[in-house]
Amino acid sequence: DSESGNLDRWNLVTGSWIVEEEEGNHYARTDGGPFRIINIAGRTFDDITITARMWHVSKDHGANIYARNDGARSGYWFGISGPLDAAGWGMFHHGGQTIEGVLVASSPLDTWVTLEVTMTGRSATMSAVLEGGGVLGETAFDIPDIADASGLDMPEGFFGFIVAGAQVRIDDVVVTG
């Protein structure tokens with residue numbers, strides 16, 4: 001929940017992250033720039049449930065959970081995308097990103113959204129709930145293979161966040177796996 005004021009349990013893959021405080025709550029925020037990535041240091045997961053609160057302030061920003069990343073920039077994203085004006089999920093492979101499903105057509109700005117993703121084998125569920133109540137969307141789906149992705153034929157990998165933009169916040173991360 002970032003209340004310790006540090007990010008010692010995270011591996012900063014690209015860019016810098018800081019802990020910021022607002023109204024007595026601490027959260028992780030990027031230092032700006034196009035992409036900033038953090039993951040849980042030294043851990044990989046197979047069957048997993050990830051819950052996190054996310055906030056973004058403009059359509060130029062987006063926050064994604066990434067899971068089963070093979071370490072070579074191939075994996076799956078589940079998130080809130082300002083540029084796509086949607087919350088959904090898809091795949092990324094060597095810098096390219098595809099949209100496989102849209103959870104909610106227009107994701108809200110300037111508020112906390114709790115995103116939960118469960119991956120079991122080749123199946124997944126995803127939900128997004130607006131702070132204070134109100135389910136934005138929920139879905140269940142089968143996870144497709146990523147062509148030519150190393151290590152992703154096995155359902156395991158790294159977990160973390162990919163963020164575009166300075167005004168994206170991550171808080172209250174819970175991982176069960």
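Structure values in brief
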| quantity | calculated |
| --- | --- |
| Estimated inter-spin distance, D46 and V19, nm [label 7 Å along Cα→Cβ] | 3.4 |
| The stretch 1-52: GluC sites (Glu not before Pro) in DSSP coil with no more than 10 other Cβ atoms inside 10 Å | E23 |
| Estimated FRET transfer efficiency (T139, D110; beta-carbon r; R0 30 Å; 0.05) | 0.75 |
| Accessible area (Å², 1.4 Å probe, nearest 10) - V102 | 90 |
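The values are calculated or read from the model by the stated rules, or taken from the named source; none is laboratory data. As the structure is a prediction and not an experimental result, all values here were calculated from the model. A quick note on method: Cβ atoms are made from the backbone with ideal geometry, for glycine too, and the neighbour counts reach across all protein chains shown. When the accessible area is computed, the model is the full protein with side chains, heavy atoms only, and any ligands, DNA or RNA have been set aside. Shrake-Rupley method; radii C 1.70, N 1.55, O 1.52, S 1.80 Å.
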